[in-house]
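The values are calculated or read from the model by the stated rules, or taken from the named source; none is laboratory data. Nothing here was measured: the structure is a model prediction, and the numbers come from that model. Cβ sites come from the backbone with ideal geometry, for glycine too, and all protein chains shown count toward neighbours.
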């Protein structure tokens, strides 16, 4: 067996050392490789990475994504492209994805995961809980109302449960065909990765922290407004229809309240988001052929006929959400929603 650690970095010179030291401190039961994708850092991250490559030349491979000075990039697409680039090059039977400013805190988590995954081939991954680390040095374990065991996928997605992708050891089912398909859309970070992989098997969960997520206000997610985060979650359903079709209905149920928020605030989104960010969200919606969300976001410039179509589409989604809930409950009579299998 072989494990591929796929680590993405961008301007994390002061933190990447901690990440890599945590990888090489793990008690690994098999061969492994460390693939690092750097998104054009300009703060000395590249130099830090080179120091580690010299220390572990047989283990570390670094791939740099060039950036054009002054060019505006779609941040979420850059993150996804960076991750897909190194996953495509991973030769391991299993993969672990991590962000360069985070680190691992359970030395045996990979060996524990492999023991479980080798016994049950129906599992696509083995997940662990995670901690949150703050810039002031505090750490706290996330309180998860999840029992250890095989997770029911419908329950996990619909009930808005979240496990950081860095704490999951996935079976490497991402062949060249799947990666090429995903590259057409480009979005493949964090929760999207987990949902995509759940189409191919269930997760085993161990309620012990193995990963530490560094939370700081300037991050891509934490540095954005509540409205911006809500629009991103509403957009996830449109993406799911394209790349996560087996779970698209569950994701609709998970994020319908965000769609509802966008619908109710459709006349005020430019004030809430700003014109440039609103334009970016419209482009992202069109990237995944989500004409409904794009129409909601561009509501003030839509004609009467388009507005009528958008309102009708919203109420169809609202009805679909109710039907999904009933269907999932009927499918889970023997194993009710909210329980571990």
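Do we find a residue being surrounded by fewer than 16 Cβ atoms within 10 Å (Cβ to Cβ), more than 16 Å from the chain's Cα centre (by Cα) and part of a helix (DSSP H, G or I) anywhere in segment 214-231? Yes, the conditions are met somewhere in segment 214-231. Summed over segment 153-184, residues that are more than 23 Å from residue 114 (Cβ to Cβ) and either assigned to a loop (DSSP other than H, G, I, E, B) or touching a strand residue (DSSP E or B) at 6+ places or on another chain (Cβ under 8 Å) (or both) total 5.
Got a sec? Which helices (runs of 4 or more DSSP H) wholly within segment 259-341 have at least 3 residues that are at pLDDT 95 or above and exposed (fewer than 13 other Cβ atoms within 10 Å of the Cβ)? Break it down into steps so the answer makes sense when it comes.
Details: elements: 269-273, 275-287, 291-297, 304-331.
Qualifying helices (runs of 4 or more DSSP H): 304-331.
Quick one: would you say residue 96 is touching a strand residue (DSSP E or B) at 6+ places or on another chain (Cβ under 7 Å) and either surrounded by fewer than 23 Cβ atoms within 10 Å (Cβ to Cβ) or without any contact (Cβ under 8 Å) to a residue 24 or more places away in the chain (or both)? The answer is no for residue 96. Could you look through segment 1-27, keep only residues that are surrounded by fewer than 17 Cβ atoms within 10 Å (Cβ to Cβ) and in a loop (DSSP other than H, G, I, E, B), and pick out the one that is modelled with the lowest pLDDT? Among those residues, the one meeting the criterion is 1.
Among residues of segment 45-62 being under 17 Å from residue 85 (Cα atoms) and touching a helix residue (DSSP H, G or I) at 6+ places or on another chain (Cβ under 6 Å), the one that is surrounded by the most Cβ atoms within 10 Å (Cβ to Cβ) is 60. Taking the condition closer than 27 Å to residue 316 by Cβ, surrounded by 14 or more Cβ atoms within 10 Å (Cβ to Cβ) and not assigned by TED's automatic domain parsing to the domain that holds residue 75, does residue 241 pass? Answer is yes for this residue. Considering 37, 70, the condition of being farther than 30 Å from residue 108 by Cβ and either outside any helix (DSSP H, G or I) or touching a residue at least 12 places away in the same chain (Cβ under 8 Å) (or both) is satisfied by 70 alone. Restricting to segment 123-152, give me the number of residues that are outside any strand (DSSP E or B) and under 26 Å from residue 94 (Cα atoms). The number of residues fulfilling the criteria is 7. In this structure, residue 249 qualifies as over 18 Å from residue 76 (Cα atoms), at pLDDT below 95 and surrounded by 15 or more Cβ atoms within 10 Å (Cβ to Cβ).
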